[in-house]
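The values are calculated or read from the model by the stated rules, or taken from the named source; none is laboratory data. Computed from a predicted structure; not experimentally measured. Cβ sites come from the backbone with ideal geometry, for glycine too, and all protein chains shown count toward neighbours. Protein only, heavy atoms only, side chains kept; ligands, DNA and RNA dropped before computing areas. Shrake-Rupley method; radii C 1.70, N 1.55, O 1.52, S 1.80 Å.
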Amino acid sequence: MALSGGAPVEVRHLLKRFGTTAAVDDVTFTVGGGEFFSLLGPSGCGKTTTLRVIGGFERADAGHVLIDGRPMGQLPPNRRETYMVFQRLALFPHYHVFDNVAFGLRMKRLPEVEVRRRAREALALVRLEGMETRRISELSGGQQQRVALARALVNRPRVLLLDEPLSALDLKLRLQMQEELKRLQRELGTTFIYVTHDQGEAMAMSDRVGVMDAGRLLQVGTPLDIYERPQTPFVAHFIGDANLIQGTVDALEPRTIAVRAGALRIHAHRDGWERLGAPISVCIRPERVWVAAAGDSAGGLRGRIEDRAFVGQAVKYRIDVDGLPLRASVPYRSGTPLFAVGETVAVGWDAGQAVPVPADGGGFEHADVADRRDLRPAGPASA
Amino acid sequence: MAEARPLIAEARGAGAARTALLRAFLWIGVGFTLLPLAIVIVYSFSSVAYGVFPPPGFSLRWYANLWAQAAFRGAFLRSLTVGVVATAAALAAGLLCALALVRSAFRGREMLRAFLLSPIVMPKIVLGVGWFIFFARLNMQGGLVPLILAHTIIVLPFVVTILAANLVGLDPSLEEAAQDLGASPAVTLWRVVLPQIRGGLLVSGLLAFIVSFDQVESSIFLVRGENNTLPIEMFLYMEKWQDPTIAALSTLLIAFAGALVAIVALAARGTDVRRLLPR
Ligand SMILES: Nc1ncnc2c1ncn2[C@@H]1O[C@H](COP(=O)(O)OP(=O)(O)OP(=O)(O)O)[C@@H](O)[C@H]1O
Ligand SMILES: [Mg+2]
């Protein structure tokens, strides 16, 4: 079977309203052919809706979708090269497993021998050999999800749209299927647009990630990019764990900035867009925070341990630094000294590891869309 | 615990009394339904021509007489034809109507729904008179076509109601999935929608056929002797003769109806019966 290769997908200024609320609000992104692209965001942020517009199930109120450079317009799903793994699976209950998987091939009127061979192959791929004649209702949730995957993959799509395809699997199987999917995607060269609200999953699998909130695409970048250079407090919080410290820029130095946050003065990396006296957030990942005994001469800030949790490879502390809650995750090896709750310690970080983030008036819980919209041009790109 | 016991016993006693009462009503209902049928069946084997119950003796002479009446045979075949064709037409039209009512939102949808159900509440005599004038204008009196058209309209509400109730229970994402996998809307209907509402199709088809087969009031304006349907032929016979021939025919029809129901019940086995009923 010659691989047709993945097709590039372009989404331009997509707008989709349900009633008065915009489920997708001016979303623009480009996915390269054969790329693994994830849309990541909390529940209700418009991921599924975006995917459904790309697949042709939902008519956009404005904007365009181009697949392989061709505008899709109002083309119905059966005439697009996209295949979808539905969030609610949508397996055919009146067919058994094999006929579900073979459905797409039969629609293409392939010879039955070929249909059988490929359907079996796809079932083997998702480890469901021997389940061919089971009814859908006789499968577990995870098995059903794998049938849904096989039913789409068997068609060797040029673009595969996946809507949280692994959400019903237990952790072990999920990790296994993540690897499997990633391998498949690489081997088949298919373009994957993968929707998930699990940031770990998105980071582990994707070439690039788009982070969505309330219908807007906040940031697109490689997992590393997004982790290291979040452009909004929401992204900083949503990707991995983050301490976000609000303050105002107090001093600009060649490589760093000083930020006044309440009674504290802290240092962070300087990106170049920061302005003296302007409000700003500083994102510090807990694993970049060091904790030392208070007596050491290492400098840093004084803090009090509020809480401690041992999670195997690391010890997680909650530390109060002059009223500022700070979380630290310290790698653990046998013999690493542990600090007790209530103990006074020194904490700090390498200024280069603290990332400046445009402030938007609050932490991600209270950040509202209007603020964020105003912020967008203030990102590093336009500075 | 000790105090609770009398309460429970009381509740149990009330429950038992209620169950007994319900059961009694059930059997009274069954009795009322079956008794006339039983009387007809017994009467059909009577040995005498006059109406007396119980009959003084038993014979098969009325079945023999029935066999000799060519008019009944012709009328039966006509009724069968009209019933089958009207049912098929109503299933086809009703499926499309039900799909429109359930799957798409458009202005006037509720009005269309009410309009489609209106033949149920309309007196059949009124419909019959209307059709009589209509088909007379078109010079289409006699023959089976007016009957088939009229019966299609009369049975359509049953089909639409049952199929719409079935479709409401279907997950629309199944149709989306089929389309995604390359199925055209027609193929989706055939391979995904219809198999899932098989039970509804069977039951509404059966109901439609029986209503058509049984239809007198509206048909009476559309027949002109040479195209009498079976119920009308029976009616005419009864005006002339009061012998048990009609009882013999009725007995055969009871058996026919029983067979139909049995066949549909067998064919609908394994479908979800709860989904067959309108909500
Ligand atoms: N058919 C619809 N009618 C009305 N509102 C809708 C419809 N579909 C989605 N919405 C709304 O649009 C918004 C985005 O929904 P969407 O399903 O795209 O979210 P999502 O990001 O996929 O969330 P989840 O992670 O929970 O699946 C939500 O507020 C939702 O209530
Ligand atoms: Mg969703």
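Of all lysines in the structure, those lying under 24 Å Cα to Cα from A:K182, and not within fewer than 8 positions of it along the same chain, are A:K47, A:K172. Placing B:F32, B:F235, B:F256 in order of accessible area, with the largest value first and a 1.4 Å probe, yields B:F32, B:F235, B:F256.
Its Cα centre serving as origin, the stretch A:125-262 has a Cβ charge dipole (Lys and Arg +1, Asp and Glu -1) of approximately 400 debye.
Would you be so kind as to identify which of A:S167, B:S218, B:T251 lies farthest towards the positive end of the dipole of the protein assembly as shown, taking Lys and Arg as +1 and Asp and Glu as -1 on Cβ and the Cα centre as origin? Positive-end residue among those listed: B:T251. Annotation for the stretch A:211-300: trypsin sites (Lys or Arg not before Pro) lying in DSSP loop with at most 15 further Cβ atoms inside 10 Å of their Cβ are A:R255, A:R275. For the stretch B:70-276, a crude dipole built from +1 on the beta carbon of Lys and Arg and -1 on the beta carbon of Asp and Glu, taken about the Cα centre, is about 160 debye to the nearest 20.
Counts of other chain beta carbons within 10 angstrom of each beta carbon in peptide A:77-85 average 4. The residues A:K172, A:K47, A:K182, sorted by heavy-atom accessible surface at 1.4 Å with ligands and nucleic acids left out, run A:K172, A:K182, A:K47 from largest to smallest. Modelled label-to-label distance, A:E112 and B:L99, 7 Å Cα→beta-carbon offset: nm? For the pair A:E112/B:L99, the computed spacing is 2.7 nm.
Shielding value for B:163-171 is 1, the average number of Cβ atoms from other chains within 10 Å of each residue's Cβ.
For the stretch B:75-188, taking the reciprocal of the average inverse distance between every pair of different Cα atoms yields a Kirkwood hydrodynamic radius of 16.1 Å. With the convex hull constructed from alpha-carbon coordinates only, the stretch A:20-59 shows a mean projected area of 3.5 nm² over all directions.
What does the charge dipole of chain A about its Cα centre add up to, to the nearest 20 debye, if the Cβ of each Lys and Arg holds +1 and the Cβ of each Asp and Glu holds -1? Don't skip to the end; give the middle numbers.
Details: 49 positive and 45 negative charges, 252 e Å.
In debye, rounded to 20, chain A gives about 1200.
When the Cα positions of B:I28, B:L189, A:F98 are compared along the charge dipole of the protein assembly as shown, B:I28 comes out farthest toward the positive end, with charges on each C-beta of Lys, Arg, Asp and Glu.
Given a 1.4 Å probe and no ligands, DNA or RNA in the count, how much accessible surface is buried by B and A, both sides, to the nearest 100 Å²? In total, this chain pair buries about 1700 Å². Note on A:52-63: average number of Cβ atoms from other chains within 10 Å of each residue's Cβ is 1.
Divide the volume of the convex hull of the Cα atoms of the protein assembly as shown by its number of residues and quote the answer in cubic angstrom per residue.
Values: hull volume 186.2 nm³, N = 662.
It is 281 Å³ per residue.
With a Förster radius of 60 Å applied to the C-beta separation of B:S47 and A:E179, the computed FRET efficiency comes to 0.10. Heavy atoms of the protein chains alone define the surface here; on that basis the protein assembly as shown has 49 Å² accessible area per residue at 1.4 Å probe size. Of all aspartates and glutamates in the structure, those lying under 14 Å Cα to Cα from B:K124, and not within fewer than 8 positions of it along the same chain, are B:D214, B:E217.
Residues A:R88, B:R113, A:R106, ordered by accessible area of protein heavy atoms at a 1.4 angstrom probe radius and largest first, appear as A:R88, B:R113, A:R106. Rounded to whole Å, give me the distance from the Cα center of the stretch B:183-251 to that of the stretch B:115-167. With the stretch B:183-251 and the stretch B:115-167 each reduced to a Cα centre, they are spaced 12 Å. Computed over chain A with a Gaussian network model linking Cα atoms closer than 10 Å, the most mobile of A:R146, A:R134, A:R120 is A:R134. For the stretch B:51-80, backbone nitrogen atoms closer than 14 Å to the point 7 Å from B:A88 Cα along Cα-to-C-beta are found at B:80. For helix A:141-153, what angle does its Cα long axis make with the longest principal axis of chain A, in degrees from 0 to 90 and rounded to 10? So the helix axis and the longest Cα principal axis differ by about 70 degrees.
Which of rounded, prolate or oblate describes chain A when judged by the alpha-carbon gyration tensor and an a/c cut-off of 1.5? It is prolate, given that a/c is not under 1.5 and a/b is the larger ratio.
For B:L26 and B:W241, the FRET efficiency from 1/(1 + (r/R0)^6), where r spans their Cβ atoms and R0 equals 35 Å, is about 0.40. Annotation for the stretch B:45-89: chymotrypsin sites (Phe, Trp or Tyr not before Pro) lying in DSSP loop with at most 16 further Cβ atoms inside 10 Å of their Cβ are B:Y50.
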